[in-house]
Every structure is written in structure tokens, then in C-alpha cells.
Amino acid sequence: NYVSRGAAVTAILLAVAYTVLIMHFAVNIPKADEWSSVIPLVHSAIHGTLSLRQLWVQHYNEGHLLIPNVIFAVVGVLGKFNTKILIALSAVFQVATFALLLGVFRSYFGRVLTVVPVAVLGVVWFGIGDVDNALWGFQIQLYLTQFFVILMLLFLLASLKRKQREVWAYAAAILCAIAASCSSIQGLLAWPLGLLVLVW
């Protein structure tokens, strides 16, 4: 168990409140970068002309958004590019990453988390100060990045806690770092962060 029963209830309530609030204000209207880069990609996906080059193309900040672009294409074809689906997926990744973060804290401190630390972490994690990103489907890239980075940390910590190092955990951590790097340019920070954990 990562958390006590009360802490689990607290985490669930915070996650549900966050998701309900975000979906209440979500709208199906593309904005900003979605018009200039995502809609052409979706157009190609719908008409069967999507290429690997379009999925791998560099964005304005020189990052490769391979994984988000695949998601954009799938939502475009299956969901008629309803941006509320992207917002909902971002919320799912935000909640899932919070659960992983609790696992990282549990692994690092070596004890079950109680209500107070989970509540504090939850209020900070699900704070609505960053509502602009949460209500913009294009920013799923950021939620994917943090998901893969925290998952990488969890794999590394799980392996380092054991006396016998397990190759599968390192391989999984490397795959997570690659996925983070293919989600946004910020995902490249997974590599030095993972190295820092190993050296520490």
C-alpha cells in the first residue's frame, strides 16, 4: 500500500473534483497552435495521406511531438477532432501522474503516506492556477511528458531499493525517457534527471 485508507479517499476526492471542474469548463473549439499545426495533421489523417514526416516534424520550439501528434491524429479520425477529448485525456494523465507521484514519495520515504501529505500534494498538484493549459487540448504534450518522467523515476527508485538491480526496470525507465523526449522538448530533461537519481 502506498497510502492509508483516508489518504486514498482524499486523493480520489481531489482527483474527481479536478476532473469535474476541468470538464465543466472544457469547450470543443480549437485555438492557437491547434489551427496552425494540428488541424493540417488531422486533415491528412482523415484523408489517408498522413506521413511519418508529419508526425515527426519539429514544432516551433524545435521539439518533436511524435506521441502527441499520434494522439491528435487518432482523435481527429475517431473523435472528429473534438478538443474536449484531448482535454479529458490531459485530465486522465494528470490524475494518473498524481498516483505515480504518490508511489515515488512512498518508494523514497519507505513508509505509507497519511492524509496530510497526500492532501497537501494533491492541492498543489491539482491547483487551478494552471487552468489555461488544462483547458487547451494541444497541451496534452505537457501532461504526457510529466507522466513519463514520473513513471521513469518510479521504475528507477523501485530498482534501486532492491539489493539486486533488475535490468527490466532500467529498460522501462529508458523507454519512459524516450517517450518523454518524444512528447515535448521539456521531456529531454528526463535524461539528466534519471542520471541524477542513479548517481544519488
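The values are calculated or read from the model by the stated rules, or taken from the named source; none is laboratory data. Treat the numbers as computed from the prediction; the structure is a model and nothing was measured. Note that each Cβ is placed from the backbone with ideal geometry, even for glycine, and that neighbours are counted across all protein chains shown. Just so you know, the surface numbers come from the protein's heavy atoms only, side chains and all, with ligands and any DNA or RNA stripped out. Shrake-Rupley method; radii C 1.70, N 1.55, O 1.52, S 1.80 Å.
Under 9 Å between Cβ atoms, which residue pairs at least 6 apart in sequence (or on different chains) link something in the range 172-196 that is under 19 Å from I140 (Cα atoms) with a partner that is among the acidic types (D, E)?
So the pair list comes out as I185/E62.
Being assigned to a loop (DSSP other than H, G, I, E, B), at negative phi and not aliphatic (A, V, I, L, M) is true for just one of R106, R111. Which residue is that?
Details: R106 fails: assigned to a loop (DSSP other than H, G, I, E, B).
Testing whether each residue is assigned to a loop (DSSP other than H, G, I, E, B), at negative phi and not aliphatic (A, V, I, L, M) leaves just R111.
Of everything in the range 157-173, what is outside any loop (DSSP other than H, G, I, E, B) and surrounded by fewer than 22 Cβ atoms within 10 Å (Cβ to Cβ)? Give them in sequence order.
To start, the set of residues in the range 157-173 that are outside any loop (DSSP other than H, G, I, E, B) comprises 157-161, 167-173.
Answer for the range 157-173, where residues must be outside any loop (DSSP other than H, G, I, E, B) and surrounded by fewer than 22 Cβ atoms within 10 Å (Cβ to Cβ): L157, A158, S159, L160, K161, V167, W168, A169, Y170, A171, A172.
Would you mind telling me which numbered condition in (1) in contact with a Gly (Cβ under 7 Å, 6 or more places away or on another chain); (2) within 25 Å of A15 (Cβ to Cβ) S181 fails?
Every condition holds for S181 apart from (2).
Looking at the range 1-99, what helices (runs of 4 or more DSSP H) fall wholly within it and have at least 2 residues that are without any contact (Cβ under 8 Å) to a residue 40 or more places away in the chain and buried (at least 19 other Cβ atoms within 10 Å of the Cβ)? First the steps, then the outcome.
Working: elements: 5-25, 39-46, 52-56, 66-78.
Filter on the range 1-99 gives 39-46, 66-78.
What do you reckon, is G129 assigned to a helix (DSSP H, G or I), open to solvent by less than 20 Å² (accessible area, probe 1.4 Å) and small (G, A, S)? Show your work before the answer.
Numbers: assigned to a helix (DSSP H, G or I): yes; open to solvent by less than 20 Å² (accessible area, probe 1.4 Å): no; small (G, A, S): yes.
Here the answer is no, as G129 does not meet what is asked.
Table: residues versus (1) closer than 30 Å to A26 by Cα; (2) among the aliphatic types (A, V, I, L, M); (3) modelled with pLDDT under 85; (4) out of contact with any Ser or Thr (no Cβ under 6 Å at 6 or more places or on another chain).
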| position | (1), (2), (3), (4) |
| --- | --- |
| G122 | yes, no, no, yes |
| I128 | yes, yes, yes, yes |
| F148 | yes, no, no, yes |
| F155 | no, no, no, yes |
| S159 | no, no, yes, yes |
| R162 | no, no, yes, yes |
| L195 | no, yes, no, yes |
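Looking only at the range 174-198, filter to residues that are open to solvent by less than 10 Å² (accessible area, probe 1.4 Å) and not in a helix (DSSP H, G or I); which one of those is farthest from F93 (Cα to Cα)?
Looking at residues that are open to solvent by less than 10 Å² (accessible area, probe 1.4 Å) and not in a helix (DSSP H, G or I), I get S184.
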